[in-house]
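Undergrad: This is the structure I want to talk about, given as structure tokens.
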There are 4 protein chains.
Amino acid sequence: MPDIKSKYERFRQKVNIIIHGTGTKAGRLFDLILLGLIVLSVLLVMMETVSGFDTKYHRTLVLLEWIITGLFTLEYLLRIISINKPWKYIFSFYGIIDLLAILPMYLSFFVVGTSVLTVIRSLRLLRLFKILNHPKFITQSTQLNQAVKASRGKIIVFIYFVLISTILIGSIMFLVEGRENGFTSIPVSIYWTIVTLTTVGYGDISPATPLGQFIASLVMILGYGIIAVPTGIVTAEIAKSAQNLALKPKKPCSACGNEDHPEDANYCPHCGHSFTTD
Amino acid sequence: MPDIKSKYERFRQKVNIIIHGTGTKAGRLFDLILLGLIVLSVLLVMMETVSGFDTKYHRTLVLLEWIITGLFTLEYLLRIISINKPWKYIFSFYGIIDLLAILPMYLSFFVVGTSVLTVIRSLRLLRLFKILNHPKFITQSTQLNQAVKASRGKIIVFIYFVLISTILIGSIMFLVEGRENGFTSIPVSIYWTIVTLTTVGYGDISPATPLGQFIASLVMILGYGIIAVPTGIVTAEIAKSAQNLALKPKKPCSACGNEDHPEDANYCPHCGHSFTTD
Amino acid sequence: MPDIKSKYERFRQKVNIIIHGTGTKAGRLFDLILLGLIVLSVLLVMMETVSGFDTKYHRTLVLLEWIITGLFTLEYLLRIISINKPWKYIFSFYGIIDLLAILPMYLSFFVVGTSVLTVIRSLRLLRLFKILNHPKFITQSTQLNQAVKASRGKIIVFIYFVLISTILIGSIMFLVEGRENGFTSIPVSIYWTIVTLTTVGYGDISPATPLGQFIASLVMILGYGIIAVPTGIVTAEIAKSAQNLALKPKKPCSACGNEDHPEDANYCPHCGHSFTTD
Amino acid sequence: MPDIKSKYERFRQKVNIIIHGTGTKAGRLFDLILLGLIVLSVLLVMMETVSGFDTKYHRTLVLLEWIITGLFTLEYLLRIISINKPWKYIFSFYGIIDLLAILPMYLSFFVVGTSVLTVIRSLRLLRLFKILNHPKFITQSTQLNQAVKASRGKIIVFIYFVLISTILIGSIMFLVEGRENGFTSIPVSIYWTIVTLTTVGYGDISPATPLGQFIASLVMILGYGIIAVPTGIVTAEIAKSAQNLALKPKKPCSACGNEDHPEDANYCPHCGHSFTTD
């Protein structure tokens, strides 16, 4: 039955184009519907945890959840079928995310529904990161990505320094304030230090002794000041990457193709070819 | 009666100059009075909501409000009369704002005064944005506007990333802390995540379990770190726009084509050609 | 008695050098002692307000305060005597500050000591700003000053925009949350908006309704994002001023003294003088 | 017994290589084990302060602490033995830290264990700063260090300005809000001002009077704005140091002196001179 086989092959190709292509109308429609479904399903998960809302509309929520799980299951199967190397997809990052998006609902048959299963479904959200690879955003996200990557080394050194400081300050504050003022242990003191250093400042724990308030003031000014460091690092990188992008590509040398030369060069710095004869 | 018509036409032109022109003395005076009236009327709206103040001076407040509404109505009518294309103004952004500034008072005859009407009057404030188009501020606001616009693409990608992270962290914290610690639902958890990530830190909800405090610490350090990203984006843009302004393209030397000379140069620094003869 | 007159004149000159000169040993010593006295007196004012401390050491504190006031009075008189135009000093900014530093103590004879008098003495602190004019800090403070001044226009536009947004958001939150959730009036709502937008987040007032929390989240993200704007403005200015400083002074043209020319110039762009013959 | 002496000398050299060398396998292993021990010992100190945990595992914690102290003592002795100038090490910064890391445990024999001794052991953490000198991080940490050092002057001026403002605002808020609203003294008011200005905002003290809330709003906007200053300073420095690193001075062309050529140029782009013959 070569006819059925070729028919199946055509079907696979069609599915492939719809799922992976952003060039065709059907592909773009598929992307939009999928996007809507993911957002809808995440909203559903959220709403299920709102107790007043859930008791009122429980049946509708469950029904909608099953419909969405059904559609996601269909999409998952179509993806496996249409791809040439299905195993590669199944064990890829997004493949696992896609599976986690549908598994919890089926597991709820066997396990009595804990909220863990509900929340795992939120991982569907990770699928939304795919959009950043869309041609419309790719330049922006690549540029940001590069700037963050380039500043990674400095950022790690900075966080390392901050972490050690945090533990030291936490230990000192545990000594100064003590258990009676809410600093019940060094880990809790470290938690307070991070809350203060990052200028979050919940106020669930706050120093009560004059010495503690004095040290806290120093920590705040420190935290207020050192935010300049990561900001400075990332800003310098973004400015550099923006500058690099702005440097237009130059005319290559007609003799050796070298593009790396000053704009007003008379001779190619690579092969010595005279530009004036070009 | 061509005389009346032309008289009306002259009146219209006069009004037009006063309302729209900033060049004449009368126009500047009109702008100043209008600015004062808007600020006064917004102060009135504020004061009406302060319960102690309102019960004491209710009659004065209402009287002043009617006077201001009367003046704004007069201004609105004069604007419509003096403009050549009144409909274009009426349906423009500022036209609608101007109407919303007077409508609530007249509606209060028919509707028993809810506070919604009171607050709508605050929209008069939006008229104050017009000032940013004033010649004195136009360079500054345009430059800021351009920098913000140029960084829009990157900022959207960044906020998109932050939002998804927020929902994920919110879901996890809902699991970890649970309803008994104030994380009553995923939307509330997301609200907490935003409060923490942006380093606002009200403290109305704060983690109580060690694991929750550990995750919260990570979120804080993340929030403390990623503020570097929008700052970096905008700074790079402002620096670039400031640079572009500084580097207006100069007229090249007519003898040797050299463009690298001070703006007030009399002679080309490259070949010594006199610019005054150009 | 010309002898007494010239003696007085010599005394005046000596005092003048000690008070105003930073070049002599005596002048530097005077500055240091004055600095110490100001810091000590401000510490005294602080300690007087700490109730436990004040009841215990009240007599010592008052005694010390009188000694310091006496020394400041002496200094004030010497300044007036030694300066050529005493009235100019008396009505200058620092002259008034110097007077305010001693007046409250003498007034406390006539007025039964309110805490207002105590606090006015804190204004002595303003004298410490003088130090920023010290040669050691003058470059740094001038540079910062210039950067802040250069960015003033943009910062004003930015703050204007933030203030209007603040009032609008405050009005909306007053409507949404209402009196029962702590948003007792529009001014209080505006206070809350500023607390939130600047990411301070006391938590004395925090939204309780889902819609209020949603709007609050938007305000936080807005506040988190727009901090990039003033940072970007100031950073760009500082970077520029640092760059300008880095551009080493160039050799002036030997014919006309002009310093504004490209580093590789062959001819002075101002007078056309050939540099190669220098 | 020259044999024993030379054996001892060989042992010393071997120890020296293991402790100080990062080039050999044994040296790297030693570094890793030491790193692990420090982290473990800091975790132990933390856990000892968690009351629930300590009562349960007290004996295990003490045992582990003694083992680690023993190993650190051994390391300390080996360091003294293997180094040529032991006294220089003993009185160096890290020498004192290393001693403080082991002393508290031995002192606990004589002193009945106060928590001060426990916390001093946290100082072991300071040893972790040594890692920043590791070749892998040295470029990053040097660059950050330089940027921070270069901006030190401006940062000091900035903090000086902030501190004086803080005291002034604190004094005014003490007057405005007074003892009944939690501003119990000027030092406490200053603490509140720092909490507010740095946008930490615990909410343990917050203004209650309208005037106080108005001033607080101004302080917040000020704090929100001036964070731009240290950020701007550090960013400008980092950008400059990154630029300097990118612009290593190049060897000029031996024929025409031109320095503007790519680093891997074979020919001078200005005159065509071959660099390979230089």
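The values are calculated or read from the model by the stated rules, or taken from the named source; none is laboratory data. Quick caveat: nothing in here was measured; it's all calculated off a predicted structure. Positions of Cβ are generated from backbone atoms using ideal geometry, with glycine treated the same way; all protein chains shown enter the neighbour counts. Side chains included, ligands, DNA and RNA excluded: accessible areas come from the protein's heavy atoms. Shrake-Rupley method; radii C 1.70, N 1.55, O 1.52, S 1.80 Å.
Undergrad: Please state the relative contact order of region B:2-133 as a whole percent: Cα pairs under 8 Å, 6+ residues apart?
TA: Result for region B:2-133 is 25 percent.
Undergrad: Between copies, how far does the label point of D:LEU77 sit from its twins, in nm, shortest first, when each point is 7 Å from Cα along Cα→Cβ?
TA: 7.3, 7.3, 10.3
Undergrad: Enumerate the calculated ³J(HN,Hα) couplings along region B:44-53 in order (Karplus 6.51 cos²θ - 1.76 cosθ + 1.60, θ = phi - 60°), each rounded to whole Hz, writing x wherever the residue is Gly or Pro.
TA: Ordered by residue, 3J(HN,Hα) equals 4, 4, 4, 5, 4, 8, 7, 4, x, 5 Hz.
Undergrad: Here's a follow-up. Between chain C and chain A, with a rotation axis joining them, whose C-beta in C is nearest that axis, and what is the whole-Å distance?
TA: Chain C residue with minimal Cβ-axis distance: C:GLY203, 3.
Undergrad: In addition: If I compute solvent accessible area with a 1.4 Å probe over the protein chains, what percent of it on region C:142-247 is carbon and sulfur? Walk me through the numbers before you get to the answer.
TA: Values: 2640 of 3790 Å².
Carbon and sulfur: 70 percent of the exposed surface of region C:142-247.
Undergrad: Quick one: net charge of C:LEU34's neighbours, Cβ under 10 Å, K/R +1, D/E -1?
TA: 0
Undergrad: Between D:LEU77 and B:LEU40, take the C-beta separation as r, use R0 = 56 Å, and let me know the FRET efficiency to the nearest 0.05.
TA: E(calc), rounded to 0.05, equals 0.10.
Undergrad: When each copy gets a label point 7 Å from Cα toward the beta-carbon at A:PHE109, what are the spacings between them in nm, shortest first?
TA: Those label-point separations list as 6.9, 7.0, 9.8 nm.
Undergrad: With θ set to phi - 60°, apply the Karplus curve 6.51 cos²θ - 1.76 cosθ + 1.60 along region B:27-41 and write out the HN-Hα couplings as whole Hz, x wherever there is a Gly or Pro.
TA: In residue order, the calculated couplings are x, 5, 4, 4, 4, 5, 4, 4, 4, x, 4, 4, 4, 4, 5 Hz.
Undergrad: Rounded to the nearest 10 Å², what accessible area does C:ILE226 show when all protein chains are kept and the probe is 1.4 Å?
TA: The accessible area comes out at roughly 30 Å².
Undergrad: How much accessible surface area, in Å² rounded to 10, belongs to the heavy atoms of C:PHE129 with a 1.4 Å probe?
TA: 40
Undergrad: Could you tell me the calculated FRET efficiency between A:ALA26 and B:LYS5, based on Cβ-Cβ distance and R0 = 56 angstrom, to the nearest 0.05?
TA: Computed FRET efficiency for A:ALA26 and B:LYS5 comes out at 0.30.
Undergrad: Please go through the residue pairs A:LYS154/D:LYS136; B:LYS25/B:LYS136; C:LYS130/C:LYS154 and name each one whose alpha carbons sit more than 20 Å apart in this structure.
TA: In this structure, C:LYS130/C:LYS154 lie more than 20 Å apart at Cα.
Undergrad: Here is a follow-up. Per residue of region A:60-65, in order, report the coupling 6.51 cos²θ - 1.76 cosθ + 1.60 (Karplus, θ = phi - 60°) as ³J(HN,Hα) in whole Hz, putting x for Gly and Pro.
TA: With the stated coefficients, region A:60-65 comes to 4, 4, 5, 4, 4, 4 Hz.
Undergrad: Can you compute the radius of gyration and Dmax for region C:2-133, using only the Cα atoms, both in Å?
TA: 16.5, 58
Undergrad: When each copy gets a label point 7 Å from Cα toward the beta-carbon at B:LEU222, what are the spacings between them in nm, shortest first?
TA: Spacings between copies for this position, smallest first, are 2.5, 2.5, 3.5 nm.
Undergrad: Then there's this: Hey, what did region D:142-247 get for relative contact order, percent, Cα under 8 Å, at least 6 apart?
TA: With pairs under 8 Å counted, the relative contact order is 34 percent.
Undergrad: Could you tell me the total accessible area buried at the D-C interface, probe 1.4 Å, in square angstrom to the nearest hundred?
TA: The buried area between D and C, both sides summed, comes to about 3800 Å².
Undergrad: List, by residue number, every residue in region A:143-168 with a reduction of 50 Å² or greater in accessible area between the chain on its own and the complete protein assembly, 1.4 Å probe.
TA: Flagged in region A:143-168: A:LEU144, A:LYS154, A:VAL157, A:TYR160, A:ILE164, A:ILE167, A:LEU168.
Undergrad: Roughly how many nanometres apart are two label points built 7 Å out from the Cα toward the Cβ at A:ILE96 and D:LEU63?
TA: Spacing of the two 7 Å Cα→Cβ label points: 3.7 nm.
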